[in-house]
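**Student:** Dropping the structure in here first, questions after.
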Amino acid sequence: MFNFKNAFWLGLMIGNSRLHWAKFENLEMIETWDTEHLRFKENRENILDSVSYQLPILLASVVPEQTNIWQEYPNLEVITLEQIPLKNLYPTLGIDRALAVLGAGTKLGFPVLVIDAGTALTFTGCDRDHCLVGGAILPGLGLQFSSLAATAALPLTAKPQQLPPRWAIETPGAIHSGIIYTLLAGIRDFVEAWRQEFPDSKIVLTGGDADILITYLQVQFPSISTQIIKVPQVIFWGILVIQQNWSKQPH
């Protein structure tokens with residue numbers, strides 16, 4: 001069982017591409033950082049210094065193979081979907097999505113819509129009764145670019161740092177235009193549909209591509225960008241809720 005007597009502890013979210021870390025002192029988040037996926041159990045010690053390696057870890061994961069590497073860590077607790085205090089959750093809902101919407105709603109208030117711009121781009125919404133309304137999943141920016149590069153005639157292109165021209169006269173620019181403008185239109189459509197049902201809702205953006213999407217939205221749909229709150233650490237807000245709930249239980 002998680003050692004609540006230790007003032008310092010770690011939150012670990014194992015995502016599709018990286019390990020996401022946060023260090024806490026009691027209920028205060030001190031710092032966050034990312035590391036690469038591990039290949040072997042023996043590498044666990046290499047990514048944490050000797051002090052941090054002794055700290056309790058509260059872990060959530062969407063990658064079972066990576067979870068297995070941490071199972072024998074000396075003071076580990078794995079968060080499951082059954083422990084998320086939200087209503088109407090379905091069995092295959094990603095724990096990352098559940099924690100993000102829990103954290104956003106608890107910190108900022110329900111109803112709330114969370115857009116996670118990671119390996120996949122996801123939308124997850126809860127109403128004012130803490131009940132999951134639903135959401136959507138589509139390939140993120142990186143996946144969309146790499147999927148086109150799998151064809152014989154199209155190159156792998158990097159994400160442009162600024163919104164590209166819509167009408168391109170060369171192939172890389174056409175890829176940029178097609179992916180980015182379609183993705184932005186989709187985000188606008190989901191935000192507007194959510195606002196129709198929940199006009200007073202907070203809208204949170206997180207994930208590795210959050211900064212670049214905000215940059216695009218500020219140019220293409222400025223009225224949408226002003227409605228969005230960027231919160232890189234929103235999943236750790238959710239992990240903190242779980243820690244608080246467990247710390248209230250008798251031990």
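The values are calculated or read from the model by the stated rules, or taken from the named source; none is laboratory data. Since the model is a prediction, treat every value here as computed from it, not as a measurement. Cβ: placed from backbone, ideal geometry, glycine included. Neighbour counts: every protein chain shown. Side chains included, ligands, DNA and RNA excluded: accessible areas come from the protein's heavy atoms. Shrake-Rupley method; radii C 1.70, N 1.55, O 1.52, S 1.80 Å.
**Student:** Keeping to segment 201-251, report how many residues are more than 21 Å from Leu12 (Cα to Cα) and modelled with pLDDT of 95 or more.
**Tutor:** Going through segment 201-251 one residue at a time, the tally reaches 22.
**Student:** Residues that are of a type in the set (A, V, I, L, M, F, W, C) and within 26 Å of Ala60 (Cβ to Cβ), at least 3 per element: which helices (runs of 4 or more DSSP H) completely within segment 155-251 meet that?
**Tutor:** 171-197, 210-220, 234-247
**Student:** Restricting to segment 221-250, name every residue that is open to solvent by 30 Å² or more (accessible area, probe 1.4 Å) and in contact with a Pro (Cβ under 8 Å, 6 or more places away or on another chain).
**Tutor:** Asn245
**Student:** Quickly run through segment 22-31 and pick out the residues that are within 17 Å of Val231 (Cβ to Cβ) and surrounded by 15 or more Cβ atoms within 10 Å (Cβ to Cβ).
**Tutor:** Ala22, Phe24, Met29
**Student:** Output the residue which, of all residues in segment 55-70 that are polar (S, T, N, Q) and out of contact with any helix residue (DSSP H, G or I) (no Cβ under 9 Å at 6 or more places or on another chain), is surrounded by the fewest Cβ atoms within 10 Å (Cβ to Cβ).
**Tutor:** Taking segment 55-70 first, the residues polar (S, T, N, Q) are 61, 66-68.
Still in the list and also out of contact with any helix residue (DSSP H, G or I) (no Cβ under 9 Å at 6 or more places or on another chain): 66-67.
Working: Gln66: 19, Thr67: 16.
Among those residues, the one meeting the criterion is Thr67.
**Student:** Could you tell me whether segment 86-93 includes any residue that is open to solvent by 20 Å² or more (accessible area, probe 1.4 Å), out of contact with any Ser or Thr (no Cβ under 9 Å at 6 or more places or on another chain) and free of Cβ contacts under 8 Å to residues at least 40 places away in the same chain?
**Tutor:** yes
**Student:** Here's a follow-up. Using the structure shown, decide if Leu99 is part of a loop (DSSP other than H, G, I, E, B), within 20 Å of the chain's Cα centre (by Cα) and in contact (Cβ under 8 Å) with a residue 40 or more places away in the chain.
**Tutor:** The answer is no for Leu99.
**Student:** Next up: Can you tell me which residues in segment 194-218 are within 14 Å of Ile180 (Cα to Cα) and either in contact (Cβ under 8 Å) with a residue 24 or more places away in the chain or in contact with a His (Cβ under 8 Å, 6 or more places away or on another chain) (or both)?
**Tutor:** Once the filter is applied, which keeps residues that are within 14 Å of Ile180 (Cα to Cα) and either in contact (Cβ under 8 Å) with a residue 24 or more places away in the chain or in contact with a His (Cβ under 8 Å, 6 or more places away or on another chain) (or both), segment 194-218 yields Asp209, Ala210, Ile212, Leu213, Thr215, Tyr216, Leu217.
**Student:** Tell me, which residue of segment 104-154 that is in a loop (DSSP other than H, G, I, E, B), open to solvent by 20 Å² or more (accessible area, probe 1.4 Å) and small (Gly, Ala, Ser) is modelled with the highest pLDDT?
**Tutor:** Applying the filter and picking the extreme gives Gly109.
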